[in-house]
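Taking it in order: structure first as structure tokens, then the write-up.
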Amino acid sequence: ALSGEIVLDALLQRLLGLALEHAGAQRSCMLLVRDGRLLIEATANADEPAAEILSPALPLENSDAVPESIVLFAARTQQAVVLDDATRSDVFSQDPYVTRARPLAVMALPILHRAELSGVLYLEHRSLDGVFTPERVSVLSLLASQAAISIENARLYADLQSTRDEYQTLYDNALEGLFRITSNGRLVNANPTL
């Protein structure tokens, strides 16, 4: 389901939908690393039909949408953080998000591509504790490993599209006449100046 998506927004929507479905979570967020910072790119709720893509993405440190301490811990250690009841966790219970939103079951799953952090998938359930069983964590880990490859492919595709668009703009707006011909001299295309 994920490997066929090459547009990042569509990929994030699909990923968050699958994560909610397979984890039994009520809410999920996808954070991606850009220029060395974690940015919240998309959020999804189980009771809404589609994920919300944030444009522009929201820096983690400027957001109150996820528990920063839990996400940063998962990012630094590159290990999944699974809490049966975040409000009773000695380490994370004082996080401002945890004290305000009071999520019970929480999971932050780092997404690694070639041993480098490319993002963090955050999931929570506010009504039930112990939702993220070892079996669900295993399924989500497999999903995250596929997501890492798909996210990288989507970024490469976006870079390719951007480069193509820049080239096309230069070609169309060049002051000189430009053209392309086949090896036997047949005209393939020409810019407006020509």
When the stretch 158-183 is examined, which residues are found to be open to solvent by less than 80 Å² (accessible area, probe 1.4 Å) and either small (Gly, Ala, Ser) or in contact (Cβ under 8 Å) with a residue 40 or more places away in the chain (or both)? ALA158, SER162, ALA174, GLY177
When the residues of the stretch 184-194 are narrowed to those that are free of Cβ contacts under 8 Å to residues at least 12 places away in the same chain and of a type in the set (A, V, I, L, M), which ends up farthest from ALA10 (Cα to Cα)? LEU187
Could you tell me which of the residues SER69, SER3 is outside any strand (DSSP E or B) and at pLDDT 90 or above? SER69
Of the conditions (1) surrounded by fewer than 19 Cβ atoms within 10 Å (Cβ to Cβ); (2) more than 15 Å from the chain's Cα centre (by Cα), LEU54 fails just one. Which one is it? (2)
So if I check each of ALA19, ALA50, ALA57, which one is part of a helix (DSSP H, G or I) and either on the phi > 0 side of the Ramachandran plot or of a type in the set (Gly, Ala, Ser) (or both)? ALA19
What are the pairs with Cβ atoms under 6 angstrom where one residue, in the stretch 10-34, is in contact (Cβ under 8 Å) with a residue 12 or more places away in the chain and among the small types (Gly, Ala, Ser) and the other, located anywhere, is part of a helix (DSSP H, G or I) and open to solvent by 10 Å² or more (accessible area, probe 1.4 Å)? Sequence gap at least six, or different chains. ALA23/ARG136; SER28/LEU20
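The values are calculated or read from the model by the stated rules, or taken from the named source; none is laboratory data. Note that the coordinates shown come from a computational prediction; the quantities given were computed from them, not determined experimentally. Methodologically, a virtual Cβ is constructed for each residue, glycine included, from the backbone with ideal geometry; neighbour enumeration extends over all protein chains shown. The protein model used for the area step is the full one, side chains on, heavy atoms only, and it has no ligands, DNA or RNA in it. Shrake-Rupley method; radii C 1.70, N 1.55, O 1.52, S 1.80 Å.
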